[in-house]
1. In region 114-128, which residue that is part of a helix (DSSP H, G or I) and open to solvent by less than 70 Å² (accessible area, probe 1.4 Å) is nearest to Asp179 (Cα to Cα)?
2. Looking only at region 72-99, filter to residues that are at pLDDT 90 or above and of a type in the set (Gly, Ala, Ser); which one of those is most open to solvent (accessible area, probe 1.4 Å)?
3. For a quick check of your reading of the model, give me the residue pairs whose first member lies in region 91-103 and is part of a helix (DSSP H, G or I), whose second is surrounded by 14 or more Cβ atoms within 10 Å (Cβ to Cβ) and not small (Gly, Ala, Ser), with beta-carbon atoms closer than 6 Å and at least 6 apart or on different chains.
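The values are calculated or read from the model by the stated rules, or taken from the named source; none is laboratory data. Remember, it's a predicted structure, so these values are computed and weren't measured experimentally. We place every Cβ from the backbone using ideal geometry, glycine too, and count neighbours over all the protein chains shown. Accessible surface is based on the protein model in full, side chains and every heavy atom, while ligands, DNA and RNA are left aside. Shrake-Rupley method; radii C 1.70, N 1.55, O 1.52, S 1.80 Å.
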Amino acid sequence: DEPKFADRQKERVRDTFANVGKLLPVPGTEKATRTQLLMIRAGYRSSEAILAMRGVKLLCPIAALAGVYFSGLYRINVFFIPVVAFALGYLLPDMWLTWRVSSRQRKLRRGLPDALDLLVICVEAGLGLDQALLKVSQDMKISHPELSEELQFVNLEMRIGKTRIEALRELARRTGLDDVK
């Protein structure tokens, strides 16, 4: 299968932003882990996505200043309008990321009751908890793909050697939902 045109364009944009993000120095560990955790909670797990976010955080304020300059809006107030544009450009990527996190958490919260009901049914039917988690993740693929993906990660973590408790705690950290905790 050849990727669609839109998918190829998204990859090009992501790679461009990631290349810009590589130009920036590596941020402090606290700032990096916070952004990385937000990106994971929003559903973006690849290292290219994190680099692309860094590139967007660099280019968005520059684009906002360029927009103010080329539109002539800076003539209204030479100091205030560019400062507001720069601040808005700086905050816009974080606001978008926060919106994506809350949107994904809402989808996960919406699918959680169905997953728990299906999990109880599978366990009562005689499956072990690990097999039940795998079955639920497979069955939820169409109706709740985000929750299915998270449950597949739990199953993969248990396969590579993490204990069930560690994998479920990691699920709670990845999703950031109190209901999952």
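1. Ala115
2. Ala87
3. That search, which allows pairs on different chains as well, returns Leu92/Cys60; Pro93/Val56; Pro93/Lys57; Pro93/Cys60; Leu97/Leu38; Val101/Leu38; Val101/Arg41.
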